[in-house]
Structures are given as C-alpha cells and as structure tokens.
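Visitor: Take a look at this one; I'll ask things after.
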Amino acid sequence: MGYAQELNRNMSRFSNFAISFTIISILSGCLTLYSYGLSHGGPPTMIWGWVLVGGLVMFAGLSMAEICSAYPTAGGLYYWAAKLAPGKSGPIWSWFAGWFNLLGQVAVTAGITFGCGYSVAAFLQLLTGHSAWTSAGHVVAITGILLFLQGLINTFGVSVVSLFNKVSVWWHLFGVAVIVVLLYVAPSSHSHQSMSFVFGSAGWHAFSGLSGFSAPFYVFLLGLLVAQYTFTGYDASAHVTEETHNAAISGPKGIVSSIWVSWVAGFILLVGVSAAIPHVFPFSLAGTTYTNYASVPGAFGGAPWVMIFEHATGRVMGELLVLVVIGAQFFCGIASVTANSRMIYAFSRDGAVPFSDFFHHVSKRSHVPVHSAWFGAVGAFILSASYLKSAVAYAAVTSVAVIGLYVAYLIPVFLRRINAAAFVPGPWKLGKWGPFINWVAIIWVAFICVLFMLPTASPINFADFNFTPVAVAVVLGFAGIWYAVSARKWFKGPKIQGTAEELAAIEHELSI
C-alpha cells in the first residue's frame, strides 16, 4: 500500500481481538458510567439499552470489518475514507475522518483512565473512610499518575502491550464471572432485587426524576450513553493491523468478536450488579448513611458500584472486587493509549498533524511510536483536568468520545455506499447483506450524534451544562479552518513513502 513496514508484525489474531476487547472493557464503561445510568432511568434503562445498543453497534462493527479487510493499515478510518471517496474529494473526507478519529481516541483514553482514577479514589475512600479521596483534585491527580504509567508501558514495545492485552481478556471474563457469582452467593444479610426492579417498572420508578426531566422516553434515550460509550474503541483492531499476522482476516475478526463477546458479558455484569442494589433504607456504610435511592448514584463520589459490592459481600470481599475492576480499567487504559498512538503515528506519517515529523518517529529500540503514545497520554490528561471546573465533565468527555469515534467510524461506510464501484472487497466480506447492514449503521450513528449533544440534566445551568457541542465545535472549527487556509494546498490524503527500493531501505535501517 505504499508504506514501509516500520512496526513489528508480532501480534496474533487473538492479540488483535484482545486489544479491542480490552478497550471496550465492560468493567470500565459499564461501571464508571453506572452512576449516570442510575440517574437516567435506572437498571431497566441500562440493561434494555445494552441489548438495543449492542445489536446496533454490531451493524457498525460488521460494516467497518469489511472495509478493514480490504485496507488493513494503521491509519484505518482516514485511509479508508481517502480510498472510497468519489472523484477528487478524497483528501477532505480523509482529513475530517482523521481529525474526528483523533478527537475520539484522545477523549476515550481520557474517559477510560479518568474512570480508573475515580475507582482508585473510591477504593481509597473505602479503605480509609475519608471522603476527601473522591474530591476533584485527588481524582485528577490519580488520573495523571495512571496516564504516566500507561504511557511508560507503551514505550517498551508491542510485545509488552500484547502481553497485557492477553492477560486483560481473561481478567475481564473471569472478573465478571467472579463479581456476579459473589454478588449472588455472598454470605451476608443482603437480599436481591426483584425482576421488576432489574428489568421493569419498579427499577424505573425507583430512580425516576433524578435527571430532572419529566419525559420518560427522552430519559431512556439519554441513558443509552452507558452502552454506547462502552461499545467504543474496537477500531483498535484496525489500527494495529500493520503489527498483526494475516491482517486482512485477523483485523475484521478482531472487531466483530470483541463486540459480541462484550455484548454477552456486559449484559451479565449489568444484571448482576443491578440485582445487588440495596433495597432496605436507611443503612450505613463506611461512615455514610444512605436514606433512599436518590442518594445511591452519588455514593462514593459517583461510584455507587463500590458501595453495592461492599454492601452485598462484606468489606474485605468488596475491597477485593473493587481491585479486580481497577485492574481491568488500567489494562483498558494501556490498550487505549496503544490504539491512540498508532492512529496519531499514521496520521503524522501523512503529514496531517502539527509537528508530524516528531510524532511519526518510531523508536529504533522498541519499534513503537513513542512520541505519539505520549501525545495521546498528555492530551487525555488535559481533557481529564476539565473535571476540576465541572462535575459533569466526565459525562461530556464520554459523549465527545462517542461522537468523535462514531463519526469517524461511519464516514468510510457512508462513502463505501455512495461510491460502491470504488470498493474492492478483501477476503472477509458481507456479501448481499452489506447494503442493509451499512445503512442501519449510518442511520443509527447520525441519530446518536444528535442525541448526545442534547441537555442531560434539568434545569440547565453551568454546573450541569453538556459541553459536548462546544468540544466538537472547537475541533471541527480548528480542523476546518486549518484545511481551508492551509491544508487543502498540501494534504493529499495518504501518501506513498517511496519506491519499493526506498521502502526496503527504510525497513533495513530499522532492522539494524
């Protein structure tokens, strides 16, 4: 495809699946937004929303997988857009697909590691009984430390990251199984919620009104963010195809497998945690008294699942389960920094990022784009720091991640449909069902892009304002103005690095 093999091709099919599954991370997305879900419809919204969104995300994943099979490159989405755009419009489609992808990648890394930081803070509060641990300053500081560690791990080479991802798969699957089983069988005075509470009207009414909106259907739609945010990041399988054996098959299978395995495991997790919510009030835990369901979403600084774990299983076992979740979230952050760095590396390779020569650099020692890894980590910390000013910043960051990534996901799918003649399928293809699957995905993404820019709490004030439209507008304006003023004169989309002889020389230099 015109690129030198600068990255080590050491990843197996399982490793390719593992990185996307790790970034989806049901123990990260489902739990770190659990408080948001309780405030927007409660358990029924989260569980039925999970079923609905998971099915629709599968359409998006299948659509992306088919294109990934035809173009298995680290650039992924923006490369696909350039190749599938009609006429001479390739550069502008590629430019905006790349910038939306970059926005989404940085935002999702921020959301993942900020969630891990919150979990660490909640664990320290549980351990010490001091609520100050979940203050904004402490959470942001912990997030900074975690991002530093994740960036450091990503400097050691793809084999180290691949090992973490393999461990992460089993950590997630066994972790979910252990959590759900213990929540059901733990020897305590705790009794479980009814089926109506978990799936129906009892659960809905228990948390109704917490968002401030009186329109039930609107609240249900807002609650879909829990599932939609969790089902992000599976484009990682595409971004590491240049490091994967048999990439034209392994990449698409990694995308699809990561979605359906997460779909099943996430449903089990949400049902298990929701059934363990306390139903006898008041009760006290770690020095705090909870008097009704309205107090549950804010428990432990917005990590109510920590309270649920301890209430259901006892203090020691609850603390161990929290550590299982923290481990999963940390693995998820490592994988997200990896995917982020590969996208930035590829975009820089084609000159589309400021200081592209610096961010395109590949370490001769580890054969990884170290500078790009730190770009993603630092950018994620800057987004995370916005929590110091606004308590709803985390929900806004997750919305930005969803919109940025899904716009980038579906630009090439849309182009593939309006310019079908330009697409030559790879070995993994959808066949006659392709058009139906593609259009369902396109319509759903257009809908959620509008939905997650709408107000999430009422009455609307600065503290509860949804800053998602502002963040998206800033990046869109930056990319648009830069393209109009300058980039349109020199950015031609993915560019050939050289002749076959020149590419061989680049590869030889790296090999020694």
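Visitor: For region 13-505, compute the orientation-averaged projected area of the C-alpha convex hull (one quarter of its surface), in nm². Numbers along the way, then the final one.
Guide: Details: hull surface 88.5 nm².
For region 13-505, averaging the hull's shadow over all directions gives 22.1 nm².
Visitor: Using the alpha-carbon centroid of each, what span in Å lies between region 180-244 and region 74-143?
Guide: Taking the Cα centre of region 74-143 as reference, the centre of region 180-244 is 20 Å away.
Visitor: Would you order Ile418, Ile437 from fewest to most other beta-carbon atoms within 10 Å of each residue's own beta-carbon?
Guide: Ascending number of Cβ neighbours within 10 Å: Ile418, Ile437.
Visitor: Follow-up. With each label point set 7 Å from Cα along the Cα-Cβ vector, what nm distance links Val185 and Val167?
Guide: Once both label points are built, they end up 2.7 nm from each other.
Visitor: How many nm separate the modelled label positions at Ala136 and Ala421, each set 7 Å beyond the Cα in the direction of the Cβ?
Guide: 5.6
Visitor: Report the calculated FRET efficiency for Ala248 and Ser12 (r = Cβ-Cβ distance, R0 = 22 Å), to the nearest 0.05.
Guide: Details: r = 15 Å, r/R0 = 0.67.
So the FRET efficiency works out to roughly 0.90.
Visitor: Note down the nm distance, to one decimal, between modelled labels 7 Å out along Cα→Cβ at Ser214 and at Val450.
Guide: Placing both labels 7 Å along Cα→Cβ, they lie 2.4 nm apart.
Visitor: How large is log10 I(q)/I(0) at q = 0.12, 0.19, 0.23 Å⁻¹ when the Debye formula is applied to the Cα atoms of region 318-432, each weighted equally and without solvent?
Guide: Per q value, in the given order, log10 I(q)/I(0) is -0.68, -1.17, -1.25.
Visitor: Let me ask another. For helix 247-275, what angle does its Cα long axis make with the longest principal axis of the chain, in degrees from 0 to 90 and rounded to 10?
Guide: It works out to around 10 degrees.
Visitor: Any chance you could give the angle, 0 to 90 degrees and rounded to 10, that helix 315-349 forms with the longest Cα principal axis of the chain?
Guide: With rounding to tens, the tilt is 20 degrees.
Visitor: Can I ask one more? Pairwise over distinct Cα atoms, reciprocal of the mean inverse distance: report the Kirkwood radius of region 1-91 in Å, one decimal place. All intermediate terms of the calculation are to be shown ahead of the outcome.
Guide: Values: mean 1/r = 0.0610 Å⁻¹.
After inverting the pairwise mean of 1/r, the radius is 16.4 Å.
Visitor: What FRET efficiency would be calculated for the residue pair His205, Thr288, taking the C-beta separation as r and a Förster radius of 22 Å, to the nearest 0.05?
Guide: So the FRET efficiency works out to roughly 0.35.
Visitor: Computed over the Cα atoms of region 152-282, what is the ratio Rg over Rh, Rh following Kirkwood? Each step should come with its number before you reach the end.
Guide: Values: Rg = 19.5 Å, Rh = 18.0 Å.
With Rg and the Kirkwood Rh in hand, the quotient comes to 1.08.
Visitor: Run lengths n ≥ 4 of DSSP H only: what is the helix-derived mean residue ellipticity at 222 nm for the chain, with -39500 (n - 2.57) per run over all residues, to the nearest 500?
Guide: Numbers: 23 runs with 348 residues, N = 512.
Calculated mean residue ellipticity at 222 nm is -22500 deg cm²/dmol.
Visitor: Excluding residues fewer than 8 places away in the same chain, name every one of the lysines whose C-alpha is closer than 17 Å to that of Lys166.
Guide: Straight-distance partners of Lys166: Lys253.
Visitor: Could you sort 355-366, 192-203, 140-151 so that the peptide with the highest average Cβ count within 10 Å comes first and the rest follow in order? Before the final figure, lay out each step's value.
Guide: Working: 355-366: 14.7, 192-203: 16.9, 140-151: 20.2.
Going by the mean number of other Cβ atoms within 10 Å, highest first, we get 140-151, 192-203, 355-366.
Visitor: How big is region 293-384 in terms of Cα radius of gyration and Dmax, in angstroms?
Guide: Cα-based Rg and Dmax for region 293-384 come out at 19.4, 56 Å.
Visitor: Same structure again: In what sequence, highest mean first, do 478-484, 321-327 appear when ranked by Cβ atoms within 10 angstrom? Let's see the in-between values first.
Guide: Details: 478-484: 14.6, 321-327: 20.9.
In decreasing order of mean packing, 478-484, 321-327 become 321-327, 478-484.
Visitor: Stick to Cα atoms and the Kirkwood definition of Rh, then tell me Rg/Rh for region 201-359. Write down the numbers at each step before the final one.
Guide: Working: Rg = 20.7 Å, Rh = 19.2 Å.
Reported Rg/Rh, Kirkwood definition of Rh: 1.08.
Rule-based calculations on the coordinates, nothing more; no lab input. In this text, all values refer to a predicted model and were calculated from it rather than measured experimentally. FYI the Cβ positions are ideal-geometry reconstructions off the backbone, even for glycines, and counts take in every protein chain you see.
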